[in-house]
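Colleague: What follows is a single structure, and I will ask about it in a moment.
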Amino acid sequence: MTTRIKTLAALTIALTAGQALADINVGVVFSLTGPAASLGAETKKAIELMPTTLGKEKINYIVLDDATDPTNAVKNARKLIGENKVDAVIGPNLITNGLAMADVVNEEKVPMLSIAPVDVAPEKRQWVFRVEPSADVMVGRVVDDMKAKGVKSVGFIGFSDSWGELLLKSLTKTTEAVGIKIVATERYARTDTSVTGQALKVLAAKPDAVFVGGSGTPAALPQTTLRERGFKGPIYQSHAVANKEFLRVGGKAVEGARLPVAPVLVAEQLPDSHPNKKTGVAFLQKLEGKLGPDSRSTFAGASWDAWLLLENAMTVALKSAQPGTPAFRDGVRAALEKTSGLVGANGTYTMSATDHGGYDPKAVVLIEVANGKWQLVK
């Protein structure tokens, strides 16, 4: 009898310990300080809306700041995996940080849903997924508009980092395809306070249009400078400026700027036939109901879609494995890879073993700044 009691007690302790490990832990890494803080703040907004349970399981979100630094991003990833035992990671919002974190999540076998459009080598793809569309898809939408406007030449002024390089590469590829010539290429740092020299060189090339390859509030500087120096032609921005801080900092100088965006930013303006309108409007009602009018952004929408993808994958994984285990993480990874036609606020996703983004290009829309607000270009 004594032995049986001891056995039952041991079993009870074991079961209790198992239940204690049953919480789903989701790590979140965003740039909440540093030059990319305006982007990180936007991506973080959706975390407050994410549910704290999935079925009978409790969900914990552990949010860390990478301070716009790849080294910090790696440290955060190791902390989340090693100390917090996360089942998945959402973030980061910068390509450089995402590429740095990719090595960690592949090594530790934890799925990561990057908000930045990271493009990793095939051998590093297994545990790395992305929510944002590729730069080629987004820049291609801008170049289509240039062609429709009769633009024959374009100047580029962008960040002197991997994001600027990615945008220039996409601009080069997509303009060549339609016969538009890049006549000037200038770079600047995210922390620069003046781009007068670069702007003058772009103006000297007399382009029909200018594409600014930046993100967040630092992307307003080239447009402001170009307008101050008398440039009257169309100015295009990347999708990475789509937050209200860009509008505030740029003011009247960014009026008329055109950029490609995921549909959530102008969800109410979309035609009823757009597949993401219903989901986008529902998300905005939640977001602005909690954080107030004009709190929307595509970055918040991307974070929300990361959750929708995880929710779908974790629901599948829970059928065969417990949270906190390698089997559960592997189940989440496998289910993410089998995502098919998932309609989010920011886009629609269909993934495979060779495509861990799966963003449907048809979701992308073109907008412009009109009277300090985002306006759908029809």
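Colleague: What is the distance in Å between the Cα centres of segment 314-354 and segment 125-158?
Modeller: With segment 314-354 and segment 125-158 each reduced to a Cα centre, they are spaced 28 Å.
Colleague: Would you mind working out the magnitude of the charge dipole of the chain relative to its Cα centre, with +1 at each Lys and Arg C-beta and -1 at each Asp and Glu C-beta, to the nearest 20 Debye? The partial results should precede the final answer.
Modeller: Numbers: 44 positive and 38 negative charges, 74 e Å.
Computed charge dipole of the chain: roughly 360 debye.
Colleague: Would you give the gap between the C-alpha center of segment 184-226 and the C-alpha center of segment 271-308, rounded to a whole Å?
Modeller: Taking the Cα centre of each part, segment 184-226 and segment 271-308 sit 31 Å apart.
Colleague: Which entries in the list LYS45/LYS181; LYS124/LYS378; LYS44/LYS362; LYS147/LYS290; LYS149/LYS252 go over 29 Å, if you measure between the two C-alpha atoms of each? Write out the running numbers ahead of the final one.
Modeller: Details: LYS45/LYS181 39 Å; LYS124/LYS378 39 Å; LYS44/LYS362 26 Å; LYS147/LYS290 41 Å; LYS149/LYS252 22 Å.
Beyond 29 Å between Cα atoms: LYS45/LYS181; LYS124/LYS378; LYS147/LYS290.
Colleague: Rounded to the nearest 5, what % of the DSSP beta bridges within the chain are antiparallel ones? Walk me through the intermediate numbers first.
Modeller: Values: 13 of 44 bridges.
Once the DSSP bridges in the chain are tallied, antiparallel ones form about 30 percent.
Colleague: Let me ask something else. Hey, which lysines would be in cross-link range of LYS338, C-alpha to C-alpha under 17 Å, not counting anything within fewer than 8 residues on its own chain?
Modeller: Within the straight-line cut-off, LYS338 pairs with LYS319.
Colleague: Then there is this: From the protein chains alone at 1.4 Å, what is the descending order of accessible area for ARG187, ARG78, largest first?
Modeller: Ranked list, largest accessible area first: ARG78, ARG187.
Colleague: Okay, moving on. Spelling out what I want: for every residue of segment 279-292, take phi, set θ = phi - 60°, compute 6.51 cos²θ - 1.76 cosθ + 1.60 (Karplus), and round to whole Hz; glycine and proline get x.
Modeller: The phi angles translate into 5, x, 4, 4, 5, 5, 4, 5, 5, 6, x, 8, 10, x Hz.
Colleague: If you don't mind, there's one more thing I want to ask. Kindly report the accessible area of segment 227-375 per residue (heavy atoms of protein chains, probe 1.4 Å, no ligands, DNA or RNA), in Å².
Modeller: Working: 6120 Å² over 149 residues.
Averaged over the residues of segment 227-375, the accessible area is 41 Å².
Colleague: Would you mind telling me the share, in percent, of accessible area of the chain contributed by carbon and sulfur at probe 1.4 angstrom?
Modeller: Working: 8560 of 16030 Å².
The value for the chain is 53 percent carbon and sulfur by accessible area.
Colleague: Bins of 5 Å, beginning at zero and ending with the bin holding the largest distance: percent of Cα pairs per bin for segment 236-333, please.
Modeller: Final binned percentages: 2, 12, 17, 17, 15, 12, 10, 7, 4, 2, 1, 0.
Colleague: Can you list the trypsin sites (Lys or Arg not before Pro) in segment 320-350 that are in a DSSP coil and have 15 or fewer other beta carbons within 10 angstrom? Intermediate results must be reported in sequence, preceding the final value.
Modeller: Numbers: sites: ARG329, ARG333, LYS338; in loops: LYS338.
Here the sparse-neighbourhood loop sites are LYS338.
Colleague: Output the Cα-based Rg and Dmax of segment 100-187 in Å, rounding Rg to one decimal and Dmax to a whole number.
Modeller: For segment 100-187, the Cα-based Rg and Dmax read 15.9, 50 Å.
Colleague: Considering only protein heavy atoms, what per residue accessible area in square angstrom results for segment 73-119 with a 1.4 angstrom probe?
Modeller: Numbers: 1500 Å² over 47 residues.
Spelled out: the 1.4 Å probe surface of segment 73-119, per residue, equals 32 Å².
Colleague: Please list the equivalent ellipsoid semi-axes of the chain, computed as the square roots of five times the alpha-carbon gyration tensor eigenvalues, in descending order and whole angstrom. Intermediate results must be reported in sequence, preceding the final value.
Modeller: Details: eigenvalues 353, 80, 66 Å².
They are 42, 20, 18 Å, listed from largest to smallest.
Colleague: Sticking with the crude label model, points 7 Å out along Cα→Cβ, report the distance from THR71 to LYS58 in nm, one decimal please.
Modeller: It is 3.7 nm.
Colleague: Along the positive direction of the dipole of segment 29-124 (beta-carbon charges: Lys, Arg +1; Asp, Glu -1; about the Cα centre), which of ASN93, VAL29, ILE59 reaches farthest?
Modeller: Comparing the listed Cα positions along the dipole, ILE59 ranks first.
Colleague: Through the Karplus equation 6.51 cos²θ - 1.76 cosθ + 1.60, θ set to phi - 60°, convert the phi angles of segment 198-204 into ³J(HN,Hα) values in whole Hz; use x for Gly and Pro.
Modeller: Coupling constants for segment 198-204: 5, 5, 5, 5, 5, 4, 5 Hz.
Colleague: Here's a follow-up. Out of PRO207, PRO133, PRO111, any idea which swings most in a Gaussian network model of the chain, alpha carbons joined below 10 Å?
Modeller: PRO207
Colleague: So what's the back-of-envelope 222 nm ellipticity for the chain, counting only DSSP H runs of four-plus at -39500 (n - 2.57) apiece and dividing by all residues, rounded to 500? Before the final figure, lay out the partial values.
Modeller: Numbers: 12 runs with 159 residues, N = 378.
Rounded to the nearest 500, it is -13500 deg cm²/dmol.
Colleague: Normalise the Cα radius of gyration of segment 168-280 by 2.2 N^0.38 Å (N = residues in it) and let me know the number. Mind showing how you got there, number by number?
Modeller: On the way: Rg = 15.4 Å, N = 113, 2.2 N^0.38 = 13.3 Å.
That works out to 1.16 for segment 168-280.
Colleague: Length gain on complete extension for the stretch ALA22 to ASP294, per 0.36 nm per residue less the alpha carbon to alpha carbon distance? Write down the numbers at each step before the final one.
Modeller: Working: separation 272, 0.36 × 272 = 97.92 nm, distance 3.75 nm.
My answer for the length gained is 94.2 nm.
Colleague: If you don't mind, another one. Sort all Cα-Cα distances of segment 209-254 into consecutive 10 angstrom bins from zero, then give the percent of pairs in each bin up to the one containing the longest distance.
Modeller: Computed distribution, short to long bins: 31, 59, 9.
Colleague: Let me ask something else about it. Which far-off residues, 5 or more places away or on another chain, put their amide H under 5 Å from the one on TYR188, with H placed in the peptide plane?
Modeller: It is GLY158, PHE159, SER160, by chain and number.
Colleague: Evaluate segment 146-202: find the radius of gyration of its Cα atoms, find its Kirkwood radius, and give the ratio Rg to Rh.
Modeller: Working: Rg = 12.2 Å, Rh = 12.1 Å.
So for segment 146-202, dividing Rg by the Kirkwood Rh gives 1.01.
Colleague: By how many nm would the segment from ASP272 to LYS147 grow when fully extended, if each residue of separation counts as 0.36 nm and the alpha-carbon distance is taken off?
Modeller: Numbers: separation 125, 0.36 × 125 = 45.00 nm, distance 2.70 nm.
Taking 0.36 nm per residue and subtracting the Cα distance, the gain is 42.3 nm.
The values are calculated or read from the model by the stated rules, or taken from the named source; none is laboratory data. The structure presented is a predicted model; accordingly, all values stated were derived computationally and were not measured. Backbone-built Cβ (ideal geometry, glycine too); neighbour counts: all protein chains shown. All accessible areas refer to the heavy atoms of the entire protein, side chains included, with ligands and DNA or RNA removed. Shrake-Rupley method; radii C 1.70, N 1.55, O 1.52, S 1.80 Å.
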